[in-house]
Amino acid sequence: MTRPAIYLDHNAASPLLPEARSALVAALDLMGNPSSVHGHGRALRNLIDTARGQVATLAGAERKQVVFTGSATEAITQAIVGGAKAFASTAIVVSAGEHAAVTKAAEATGLPVITIGLLPDGSIDLDQLADVIFGAEGNLLVALHWVNNETGVVQPIGRISAIVGPTRHTLFIDAVQAFGKLPLDFATSAPDMMAISGHKIGAPAGIGALLVKAHADVVRLIPGGGQEQGRRGGTEATALIAGFGAAASAIGARYATADVPRLINRLEADLKSAIPGVAIFGATRLGNVTNFAVPGVKNATAMMALDLMGLSVSSGSACSSGKVGPSHVLAAMGVAPELADCALRISMGWNSTVDDVNAFVAGYQSILERQRARQGQAA
């Protein structure tokens, strides 16, 4: 089976950057344990320290605020499950557009979960959030996303921070889709914790990080031998961490060279020009993703046809056991189920090109033409 020639699913995982591959392979040639005090161990420790600085720089964080984890999901779970315990939270606040990693972690705390709705443009209902925050009697742990993984809608983190930040409540931000694409400035921002991921920016899969402020340094999930300054047990995956650091250093220039927002704008303009009635979901979106639908063209059918053409796309999150189902995000935005069933997500990244845009638009048009031809024959 040949690999699809054109990859348009960077929100699921971005292809490995050459810089990350080189750092990964070089680290794999080293032996030892980074906790050992001998020369082999110190060499590995130096790689981790370098990578910590590289990731901190991209996140606008201090080195000591970066806690390496096995994935963003682990970081999210540490923040929510560990945070709820550390801060004696009485309830978890999420939005209706959260990734499953957030909602499942919230449920795992065993605490009441309060869900804030989305507005039709995909943004979190801040009036409802304020009502919940200022009406709460206990200590809330507020867990919200910065950029929606399905629609690319950018949430107003400044306004969210202004609501939650000055209160006694804890604010955790899922910054997985924002990291590497927006300035995070974690060290000077209001959130107490943030989760970031490696493979969303071209690092190897299997590495993420939780960013923590000093007062949140007590948040734990995995006890162990004192690794990561006692904040996450388990021998560090040095090679993966080295790849993460290299990707963090390289992604800014790579992303800018690809000029991803221009490609997404071109894609949307071509779709609107070629296909009357196309619906594009969400406002104030990140410039690397579009989520659209054409009435009557089911996403499951379209994805299979596109895959046969060598075009890899998705209908939303890749973290649902490979299933194509209704989008809870679009449902929360009030999109009609029959239209949501036609939604496709196209996400681009550091190696995307205008040829990818042209190939997708041509491929999708051919699917639409074949479907209309069959409908005409049936009539």
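The values are calculated or read from the model by the stated rules, or taken from the named source; none is laboratory data. Just so it is clear, the model here is predicted, and its values are computed rather than measured. In this analysis, Cβ positions are derived from the backbone assuming ideal geometry, glycine residues included, and neighbour counts consider all displayed protein chains.
Values as computed for the structure displayed
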read-out	value
Members of the range 66-104 that are touching a Lys or Arg at 6+ places or on another chain (Cβ under 9 Å), among the hydrophobic types (A, V, I, L, M, F, W, C) and in a strand (DSSP E or B)	Val66, Val67, Phe68
Tabulated pairs, the range 310-323, first part of a loop (DSSP other than H, G, I, E, B) and surrounded by 14 or more Cβ atoms within 10 Å (Cβ to Cβ), second among the β-branched types (Val, Ile, Thr) and at pLDDT below 60, C-beta under 9 angstrom, 6+ apart or interchain	Gly310/Thr2
Test: residue in the range 169-180 that is farther than 25 Å from Leu119 by Cβ, touching a residue at least 24 places away in the same chain (Cβ under 8 Å) and surrounded by 20 or more Cβ atoms within 10 Å (Cβ to Cβ)	yes
Failed item, numbered, when Gly282 is tested on (1) in a helix (DSSP H, G or I); (2) out of contact with any helix residue (DSSP H, G or I) (no Cβ under 7 Å at 6 or more places or on another chain); (3) at pLDDT 95 or above	(1)
Residue check for Ser366: under 13 Å from Asn11 (Cβ atoms) and of a type in the set (Gly, Ala, Ser)	no
Criterion violated by Ala359 - all others in (1) surrounded by fewer than 16 Cβ atoms within 10 Å (Cβ to Cβ); (2) outside any loop (DSSP other than H, G, I, E, B); (3) not β-branched (Val, Ile, Thr) satisfied	(1)
Arg168, sole failed condition from (1) of a type in the set (Lys, Arg); (2) over 23 Å from Ala239 (Cα atoms); (3) at pLDDT 95 or above	(3)
So Ala51, is it buried (at least 21 other Cβ atoms within 10 Å of the Cβ), modelled with pLDDT of 95 or more, in contact with a Gly (Cβ under 8 Å, 6 or more places away or on another chain) and farther than 23 Å from Gln155 by Cα	yes
Residue satisfying condition, being of a type in the set (Lys, Arg), within 30 Å of Val55 (Cα to Cα) and touching a Leu at 6+ places or on another chain (Cβ under 9 Å), within set Arg262, Arg285, Arg254	Arg254
Residues located in the range 348-379, provided they are touching a helix residue (DSSP H, G or I) at 6+ places or on another chain (Cβ under 9 Å), of a type in the set (S, T, N, Q) and farther than 16 Å from Val297 by Cβ	Asn351, Ser352, Thr353, Asn358
Residue in the range 40-62 that is assigned to a loop (DSSP other than H, G, I, E, B), on the phi < 0 side of the Ramachandran plot and in contact (Cβ under 8 Å) with a residue 40 or more places away in the chain present	yes
Some residue of the range 290-300 being among the hydroxyl-bearing types (Ser, Thr, Tyr) and modelled with pLDDT of 95 or more	yes
